[in-house]
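The values are calculated or read from the model by the stated rules, or taken from the named source; none is laboratory data. Here the structure is a predicted model, which means the values were calculated and not measured. For neighbour counting, all protein chains shown are included, and Cβ atoms are generated from backbone atoms with ideal geometry for every residue, glycine included. These accessible areas exclude ligands, DNA and RNA; they are computed on the full protein's heavy atoms, side chains included. Shrake-Rupley method; radii C 1.70, N 1.55, O 1.52, S 1.80 Å.
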Amino acid sequence: MKVYHGTTTQIGQPDLSKCRQRTDFGKGFYTTTSLGQARKWAVLRRNRLFEKSAYVVEYEIDDALLSSNDFRVLHFDGANEEWLKFVFNNRRGIKTEQYDLVMGPVANDSLYATLLLYEQGVLSVEATIAQLKTHTLFNQLSFHTDKALQELKFIKIIKVGK
């Protein structure tokens, strides 16, 4: 399977020590199976950080990795209560169970208002999930251990944006 990482730097082999804390699935290296989503993220990040360039890094992984007994894998089939709680705990810095790989929907900026209403107690879990299902939810696959990162096979770097 091909996966893509949107970035403002030309990286080949990711380094977990440079990954951000308090992200959807915890500190890790994030990819998506959507080239379009990776492109949008790279350009958005370039614009937010006032960087000069945006890139998509293409990798390949063996599909069997997601069902391998050699790795601790958490897979969310969609936005559900378990996913919502996992994302909020990670974003708040509350310790969650550690996995080698996590795959599920992206809680991106277009969903932020809904998630904020949930966090403030305005929306129930059920109402939040119902609202999230009205959005197009892209997927993300995050790598949380060096062992998992070793499974990424670098393909190429694509410069994107204007």
Among the residues of segment 2-11, are any over 24 Å from residue 132 (Cα atoms), in a loop (DSSP other than H, G, I, E, B) and of a type in the set (Lys, Arg)?
no
Does segment 144-157 contain any residue that is under 22 Å from residue 20 (Cβ atoms), in a strand (DSSP E or B) and of a type in the set (A, V, I, L, M)?
yes
Pairs only if they're at least six apart or on different chains, beta carbon under 7 angstrom, first in segment 9-25 and free of Cβ contacts under 8 Å to residues at least 40 places away in the same chain, second charged (D, E, K, R); list them, first residue then second.
19/27; 20/27
Here the residues within segment 81-95 that are over 17 Å from residue 129 (Cα atoms) and surrounded by 17 or more Cβ atoms within 10 Å (Cβ to Cβ) are 90, 91
Of all residues in segment 21-58, how many are open to solvent by 70 Å² or more (accessible area, probe 1.4 Å), in contact with a Gly (Cβ under 9 Å, 6 or more places away or on another chain) and closer than 21 Å to residue 148 by Cα?
2
With (1) among the small types (Gly, Ala, Ser); (2) open to solvent by 10 Å² or more (accessible area, probe 1.4 Å); (3) at pLDDT below 90; (4) touching a strand residue (DSSP E or B) at 6+ places or on another chain (Cβ under 8 Å) as the list, and residue 67 as the residue in question, which single condition is left unmet?
(3)
Checked pairs for segment 28-50, first touching a residue at least 60 places away in the same chain (Cβ under 8 Å), second assigned to a loop (DSSP other than H, G, I, E, B) and open to solvent by less than 40 Å² (accessible area, probe 1.4 Å), C-beta under 6 Å and 6 or more apart or across chains, list as 28/19; 28/144; 29/14; 29/19; 46/8
Residue 62: passes all of (1) more than 21 Å from residue 153 (Cβ to Cβ); (2) open to solvent by 30 Å² or more (accessible area, probe 1.4 Å); (3) touching a residue at least 12 places away in the same chain (Cβ under 8 Å) but (1)
Of the residues in segment 96-109 that are modelled with pLDDT under 95 and part of a loop (DSSP other than H, G, I, E, B), the one that is surrounded by the fewest Cβ atoms within 10 Å (Cβ to Cβ) is 97
Set 121, 78: member being exposed (fewer than 13 other Cβ atoms within 10 Å of the Cβ), within 14 Å of the chain's Cα centre (by Cα), of a type in the set (Gly, Ala, Ser) and part of a loop (DSSP other than H, G, I, E, B):
78
Out of curiosity, is residue 38 part of a loop (DSSP other than H, G, I, E, B) and among the aliphatic types (A, V, I, L, M)?
no
Can you name the number of the only condition in (1) within 22 Å of residue 39 (Cα to Cα); (2) in a loop (DSSP other than H, G, I, E, B); (3) not hydroxyl-bearing (Ser, Thr, Tyr) that residue 141 fails?
(2)
Which residues, taken from segment 33-61, are over 17 Å from residue 142 (Cβ atoms) and of a type in the set (Gly, Ala, Ser)?
36, 53, 54
